[in-house]
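*Asks:* Handing you this structure, nothing more for now.
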Amino acid sequence: MEIQHTHLEGCFILKPSIFKDNRGLFSETYNKKTFTKVTGLDIDFVQDNQSFSSYGVVRGMHFQTGPMAQAKLVRAARGKVLDIVVDLREGSKTFGEHVSVILDDQSQKQLFVPRGFAHGFVTLSEKSIFAYKCDNYYDKASEGGILYNDATLALDWHLPEEDIIISEKDKELPTFAEVFK
């Protein structure tokens, strides 16, 4: 497994070893010992989530606050997605900055999202299955979000606006400036 650091402290891309032959491919998506050795982090993932989405579906930008904040290890188990994270850690030298990465079922790349980040993705293929491990349990009272097309963040979703499908709930999220008044 290889690690590639992003400019956001604590946020990195992991590339697992992939074994291909005439039957297809195999990769180990998670091994606690390997993860700890490569990242230097001893994280106890306690919840796995999975979503199924069609082309153009944007899910995000979501986060959990306070003691229920979550670190996540995310990947596209099927299809291709553009994954985006925004540093929401006030006082961080990269506060308000973002990273985006293409995750797909061929490269098997994964993104580690530290606590204190907003997270979202858009499906770029016909369908996607998106899987993520969380180091804390979901808590509805701690959930928050930022509008996916917030002008201040200027996130590039790699799709024309007319192709984007977003939930009514996510359309009503506050802007970055409204969250950090």
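*Asks:* Being exposed (fewer than 13 other Cβ atoms within 10 Å of the Cβ) and without any contact (Cβ under 8 Å) to a residue 40 or more places away in the chain, is that true of even one residue in the stretch 145-154?
*Replies:* yes
*Asks:* So how many residues does the stretch 6-58 have that are in a strand (DSSP E or B), modelled with pLDDT of 95 or more and surrounded by fewer than 12 Cβ atoms within 10 Å (Cβ to Cβ)?
*Replies:* Summing the residues that are in a strand (DSSP E or B), modelled with pLDDT of 95 or more and surrounded by fewer than 12 Cβ atoms within 10 Å (Cβ to Cβ) in the stretch 6-58 gives 2.
Yes/no per residue for (1) surrounded by fewer than 21 Cβ atoms within 10 Å (Cβ to Cβ); (2) assigned to a loop (DSSP other than H, G, I, E, B); (3) touching a His at 6+ places or on another chain (Cβ under 8 Å):
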residue	(1), (2), (3)
Met61	no, no, yes
Arg75	no, no, no
Asp83	no, no, yes
Gly91	yes, yes, no
Ser107	yes, yes, no
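*Asks:* Does the stretch 4-56 hold any residues that are touching a strand residue (DSSP E or B) at 6+ places or on another chain (Cβ under 7 Å) and of a type in the set (D, E, K, R), and which are they?
*Replies:* Listed by number, the residues that qualify are Lys15, Asp48.
*Asks:* Under the condition of being crowded, with 22+ Cβ neighbours inside 10 Å and over 9 Å from the mean Cα position of the chain (by Cα), which residue from the stretch 118-132 is farthest from Leu159 (Cα to Cα)?
*Replies:* The extreme case among them is Phe130.
*Asks:* Restricting the first residue to the stretch 47-58 and requiring it to be closer than 11 Å to Arg75 by Cα and free of Cβ contacts under 8 Å to residues at least 60 places away in the same chain, which pairs with a second residue that is among the acidic types (Asp, Glu) and assigned to a strand (DSSP E or B) meet a Cβ separation below 7 Å and a spacing of at least six or different chains?
*Replies:* Cβ pairs passing all conditions: none.
*Asks:* For the stretch 125-149, what are the residues that are in a loop (DSSP other than H, G, I, E, B), more than 14 Å from Arg59 (Cα to Cα) and touching a Phe, Trp or Tyr at 6+ places or on another chain (Cβ under 7 Å)?
*Replies:* Within the stretch 125-149, Ser125, Glu126, Asp135 qualify.
The values are calculated or read from the model by the stated rules, or taken from the named source; none is laboratory data. None of these values were measured; they are calculated from a predicted model. FYI the Cβ positions are ideal-geometry reconstructions off the backbone, even for glycines, and counts take in every protein chain you see.
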